[in-house]
Each structure stands twice: as C-alpha cells, then as structure tokens.
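Undergrad: Below is a structure I'd like to ask you about.
Every number here is computed from the coordinates shown, using simple stated rules; none is lab data. Keep in mind it's a predicted model, so treat the numbers as computed, not measured. Here Cβ is always computed from backbone atoms with ideal geometry, including for glycine, and neighbour counts include all displayed protein chains.
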Amino acid sequence: MRPAVAVFTDTYLPTVNGVTYTIETWRDRWRARGGRMDVVYPKSGHVPGDREFPVFSLPFPFYDGFRIAGPLVPDTVRDVDLVHSHTPFGIGLGGYRLARRSEKPFVASFHTPTSEYANYLSDGLATVVSRAADRYENAYLGRADHVITPSPSARDRLLDRGVDTPVTVVSNGIDTDRFRPTDGPAFRERYDLSGTLVGYTGRHGFEKRLSDVITACEGLDVTVVFGGDGPARADLEAQAAESDVDVRFLGFLDREELPAFYTALDVFAHPSPVETEGLVALEAAACGTPVVAVDAGGLADTVRDGETGVHYPPGDIGAFRAAIGRALDDRSSLHETCLARRDAMSVEHAVDTLEAVYDGILDGANT
C-alpha cells in the first residue's frame, strides 16, 4: 500500500507555474496508483477539489500572483505517513512543523532558489535579501530528512552551498500523453502566424532574460512569438516596438493549446539561466520542437545539445543567434531525436523515482 503524503506549498492554483504544475501532475499520478496525496496551499480564487485544503493568505506586495500565509496545518492532514513541502516559506514551514510534531519523515523539494525573488526589489536591498534568502534556504533544507531537486545542476548548486542533507534528483516530468506533436498549422492559422517561428511561452520574468530572444533574432528571417505573461511583458513590448524583428505577443495560452503552440514553432528559445529544470523546454521537445537554451542552470541538463536542441554560452548574444540558425538548419534530425527521448521525459518515469525515494525514507524511519 502506498503511503499517505501531505504536500505543503506556498504557490498553487489558480497561479500557473512549474511548481503548481508539478504538484498537480504528481498528485494525479499518485492517486491513480492508489495512493493519497493531500495538498495544503494559500487560499485564493481556486475552488478546492478532493483532498485540497486552502489556508488563509494575503497577497505578496512585491511579486504578482504570489501569496503569503502562516505555517498553518489543517487537522485533516495530520494522519499522513510522510510530509513533502515544495516551498520554504510560511506554508512550507507548516509542513515542517507537522512532520516534527508527529515524528513523520520530512521531504523538501528545491524548485526555485529563494534568492531569485530578490530581483524584484531595489538593487541595494536585493543584494542583502538574496544573501539572507540563501542562508535561510540552507537552514530550511538542512532540517529535512531528504531533499529532492529536479536536475543534477540544481543538486550540485545545493552541495556547493553546503547543504548536507541527502539529495536525490527527481525530474518533474511532463504528461507525454498531452505533450506530443499535434496540429501546428491550425494553430498558425488561428493566430495568423506564418514563416519561420521562434517562440517561448511561460512567465515573463525579468530574471528569465527574454529580451535576449528578440536581440538574438535581429538579422534573422524569423517571427518571434511569445505566449504567456508577467512583469517583464511591458518592457518586452517596448523593445519589440523599437526592433526590426517581427514580434507577436499571444498572451496567456490555455494549457490545452500548448501542444499546438509548441508544434507550430520551428525552434523554442529559452535563455533563462535561473531554471532548476525548465519544464517548458521538456514540453517543447516532447512535441518534437528543438530547444535553443542557455548552457546554464537546469537547462544545461534538460536540453541535450545535438539531440533535443542546441546550447549557447550565457550572455553571448552572437552565439545565441548562431545556435538558433544551427537548430533551424538541423531541425529535421533534432525533431526525430526529440521524439525518441519522450519516454525519459514522462511524469510516469518521474513518479516511479519519487515513489522509490518515499519508500526508502519510510523504510529507514521504520528500522
């Protein structure tokens, strides 16, 4: 019988991001295997479903869409076998509190470095907050019985920072039943897109360096297509207005549209150096679209140079432009190798690994 797990997270629906998506897909697969996975999250506009437990929260003033809450623990989740926190803040601390008071194993996921949120503060304050955030996160992860990271580079980052808790790499994984090649031409027609398309979808955050996509495409006969939204969008639109590059902003795309979006693209561009994995890169590759990605952070692992895409050195716009050209030239062969790696990208594969981690922790706790 699979263990009952309580998941604690400071970000959840209706906010759409990698953490939310991972929790939702892992929970669904865990339940499909006959297990129980409760979710404790900040109360917002999401109507709770089965075994979802919202707690009182307030908007976070510096980061749109993020909410803050205290370390609250609903009585309905106290009987679980294991606690898994996906974020280190108020609700994540609630998970830690439950685990220690009930003497249950405590697992912590490292999705996004806490210090990245400091980028939304003034420069002087950002430096102070970033350093404090790393120290806090180290202390938080150091109290876990086990830490899960989505990529080898994320694991190495923690080890370099001195975190000595056991760490296992568990890819977030994607739903390969959903993310597969589909009707790209219909998507192009619906949004009046034509020619060679280089695109990105996801949250438009300043730390993701999406402006580099526009700059790198200068001089190329391509159209840049952005899906999604976020705090950097206004700056991107202003840059596009001054650029010779044809840039289209589609706004937030329904998740059901994403496979067609990826399929419609000739290349997916991902310049973000701060990813711990980069789920959208996996989604694009699963749809057969090669990814041009910065050779940094999680994307150094997620994108396989010459197989699922092309890497370029951080900050080198000329190399970024050349990598896009190479991916376009080699698109046919890259498309085939992307499809050949679909099984390794699947969430089922990820949950197999997650289950092995849970079982090992519980076996150790019971000996």
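Undergrad: What is the fewest-to-most order of Y312, Y140, Y262 by other Cβ atoms lying within 10 Å of their Cβ? Write out the running numbers ahead of the final one.
TA: Details: Y312 24, Y140 21, Y262 27.
Lowest to highest Cβ neighbour count: Y140, Y312, Y262.
Undergrad: Counting only C-alpha contacts under 8 Å and six or more residues apart, can you give the relative contact order of the chain as a whole percent?
TA: Working: 740 pairs, mean separation 50.4, N = 367.
Dividing the mean separation by the residue count of the chain yields 14 percent.
Undergrad: Angle, helix 90-102 long axis vs. longest principal axis of the chain, Cα atoms, 0 to 90°, nearest 10?
TA: Roughly 30 degrees between the two axes.
Undergrad: I've got another one for you. Determine the gain in length on full extension of the stretch L362-D134; use 0.36 nm per residue of separation and subtract their C-alpha separation, reporting nm with one decimal. Could you put the intermediate results ahead of the total?
TA: Details: separation 228, 0.36 × 228 = 82.08 nm, distance 2.87 nm.
In short, 79.2 nm is gained.
Undergrad: What ranking, highest mean first, results for peptides 209-221, 70-82 when packing means the other Cβ atoms within 10 Å averaged over each residue? Don't skip to the end; give the middle numbers.
TA: On the way: 209-221: 18.5, 70-82: 16.5.
For the peptides 209-221, 70-82, the packing ranking is 209-221, 70-82.
Undergrad: Given the Cα-Cα distance of L159 and L58 and 0.36 nm per residue of separation, how much length would full extension add, in nm? Intermediate values should be presented prior to the final figure.
TA: Numbers: separation 101, 0.36 × 101 = 36.36 nm, distance 3.34 nm.
Length gained between L159 and L58: 33.0 nm.
Undergrad: Indicate the gyration tensor shape class of segment 184-345 (rounded, prolate or oblate), computed on the Cα atoms with a ≥ b ≥ c the square roots of the eigenvalues: a/c under 1.5 is rounded; otherwise a/b larger than b/c is prolate and the rest oblate.
TA: Details: a/c = 1.32, a/b = 1.15, b/c = 1.16.
In terms of gyration-tensor shape, rounded.
Undergrad: Shifting gears a bit: Please work out whether the chain counts as rounded, prolate or oblate from its C-alpha gyration tensor, where a ≥ b ≥ c are the square roots of the eigenvalues and a/c under 1.5 means rounded, while otherwise a/b larger than b/c means prolate and anything else oblate? Intermediate values should be presented prior to the final figure.
TA: Numbers: a/c = 1.81, a/b = 1.58, b/c = 1.14.
In terms of gyration-tensor shape, prolate.
Undergrad: Quick one: Cα centre-to-centre distance for segment 172-224 and segment 315-335, in angstrom?
TA: Cα centroid to Cα centroid, the span is 14 Å.
Undergrad: How many angstrom lie between the Cα centre of segment 89-109 and the Cα centre of segment 226-266?
TA: First find each Cα centre; the distance between them is then 38 Å.
Undergrad: Let me ask you something else. So what is the relative contact order of segment 184-345, in percent, for Cα pairs below 8 Å that sit 6 or more residues apart?
TA: Details: 314 pairs, mean separation 33.7, N = 162.
Rounded, it is 21 percent for segment 184-345.
Undergrad: Enter the Cα centre distance for the pair segment 1-58 and segment 270-307, rounded to the nearest angstrom.
TA: Here the two parts' Cα centres lie 26 Å apart.
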